[in-house]
Amino acid sequence: MSARAALTCLEMVELVTGYVEGTLLEDERHRFDAHVSHCPDCLTYVEQMRLTIDALGSVPPESISAGAERALLRAFRDWTREERGNATDPGPRRGI
Amino acid sequence: MDLLETQPAPEDGRGEDALVEALRMGDESEFAALVRRLGGPMLRVATSICGDRVVGEDVVQETWVAVVKGVDGFEGRSTLKTWIFSVLVRRAASAVEREGRSVPFTALASAEVEAGESPVEIERFLPADHARWPHHWASPPRPWGPSEQLGSAEVRREIESAVEDLARMQRAVITLRDLTGFTAAETCRLLEMTEGNQRVLLHRARSRVRRRLERYFAGEQR
């Protein structure tokens with residue numbers, strides 16, 4: 001298997017994620033490096049994948065709205081009161 | 001964001017125990033801080049899985065109820081964050097299953113993977129029988145400009161829209177991995193998928209986002 005032909009650009013675009021993730025087999029990684037070292041177009045491609053990953057990581061999530069946060073806090077108060085109520089008062093529940 | 005993306009350092013272990021204890025005691029300010037820290041990323045992950053913002057909001061709400069009621073049973077075998085997200089993903093998966101399809105959520109990944117898809121349009125490569133350069137670039141990628149333009153608000157919107165347009169499981173994987181900062185192993189566990197499927201879906205998702213950016217930058221230069 002080690003004497004296979006050099007990687008093509010088409011194969012490179014399939015292997016790039018494995019390369020960036022560090023999951024390629026050693027032989028594959030060597031062929032990848034060998035190809036990219038003399039193919040500026042593929043080098044550009046790998047660079048663009050890296051830029052894409054960085055850009056994805058820099059998109060901040062929307063923060064939760066103030067209204068939703070207030071509602072959650074109100075609910076939290078009720079939930080914990082219920083919990084404590086259950087723990088300290090094993091008697092019949094009000095209501096139903 | 002950094003808080004979320006890094007695993008807690010060993011010395012934070014006690015901090016997390018204290019937080020869990022505070023939640024058990026009904027400490028409102030600790031709960032509020034947790035909601036502010038995780039609320040946004042949770043909504044993004046839930047929406048990516050459900051494919052619908054309103055359903056995502058419901059899932060987040062249900063998750064907090066389950067977390068508060070279940071925190072007594074939290075054993076600290078994973079971080080609190082991972083535990084909360086595992087509750088979230090399970091709820092989001094049920095919401096998807098409730099949508100009426102009979103396909104179990106865990107079968108969706110394999111179905112997407114089997115569909116096949118190439119990371120770059122095949123026309124951009126020379127044919128296999130090309131005399132000199134078979135399967136090399138016919139239309140190679142052009143280098144992008146200075147990297148600062150990648151941080152602009154407009155590019156961010158383009159990225160968000162590209163992610164939104166992905167198939168469901170590609171979207172879920174890239175959201176957990178690249179937007180939220182979970183590792184490959186954590187993502188596989190959360191989505192109950194194999195390492196191989198995770199990698200294929202991530203690969204296709206990232207390739208598609210790169211293509212969108214490429215098109216966006218090409219249009220801008222015109």
Only one of these is in contact with a Ser or Thr (Cβ under 8 Å, 6 or more places away or on another chain), within 17 Å of A:Leu51 (Cα to Cα) and not hydroxyl-bearing (Ser, Thr, Tyr): B:Arg215, B:Arg199, B:Arg210. Name it.
-> B:Arg210
Scanning the range B:124-181 for residues that are closer than 19 Å to B:Ala205 by Cα, part of a loop (DSSP other than H, G, I, E, B) and more than 9 Å from chain A (Cβ to nearest Cβ) gives B:Asp165, B:Leu166, B:Ala167
Go through (1) of a type in the set (Ser, Thr, Tyr); (2) surrounded by fewer than 20 Cβ atoms within 10 Å (Cβ to Cβ); (3) over 20 Å from A:Met49 (Cα atoms) one by one and return the number of the condition B:Thr63 breaks.
-> (2)
In this structure, does B:Ala218 turn out to be more than 9 Å from chain A (Cβ to nearest Cβ), farther than 28 Å from A:Glu62 by Cβ and in a helix (DSSP H, G or I)?
-> yes
Quick check, is B:Ser118 among the hydroxyl-bearing types (Ser, Thr, Tyr), at the interface with chain A (Cβ under 10 Å from one of its Cβ atoms) and within 29 Å of A:Glu14 (Cβ to Cβ)?
-> yes
Being more than 10 Å from chain A (Cβ to nearest Cβ) and within 21 Å of A:Cys42 (Cβ to Cβ), is that true of even one residue in the range B:208-215?
-> yes
Can you find a residue in the range B:140-159 that is in the same structural domain as B:Met193 (by TED's automatic domain parsing), more than 20 Å from A:Ala6 (Cα to Cα), at pLDDT 95 or above and of a type in the set (Gly, Ala, Ser)?
-> no
Which one of B:Ser207, B:Ser139, B:Ser152 is surrounded by 13 or more Cβ atoms within 10 Å (Cβ to Cβ), hydroxyl-bearing (Ser, Thr, Tyr) and either out of contact with any Lys or Arg (no Cβ under 9 Å at 6 or more places or on another chain) or free of Cβ contacts under 8 Å to residues at least 24 places away in the same chain (or both)?
-> B:Ser207
Can B:Gly40 be described as at the interface with chain A (Cβ under 10 Å from one of its Cβ atoms) and either free of Cβ contacts under 8 Å to residues at least 12 places away in the same chain or under 23 Å from B:Arg98 (Cβ atoms) (or both)?
-> yes
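The values are calculated or read from the model by the stated rules, or taken from the named source; none is laboratory data. Nothing here was measured: the structure is a model prediction, and the numbers come from that model. Note that we place each Cβ from the backbone using ideal geometry, even for glycine, and neighbour counts take in every protein chain shown.
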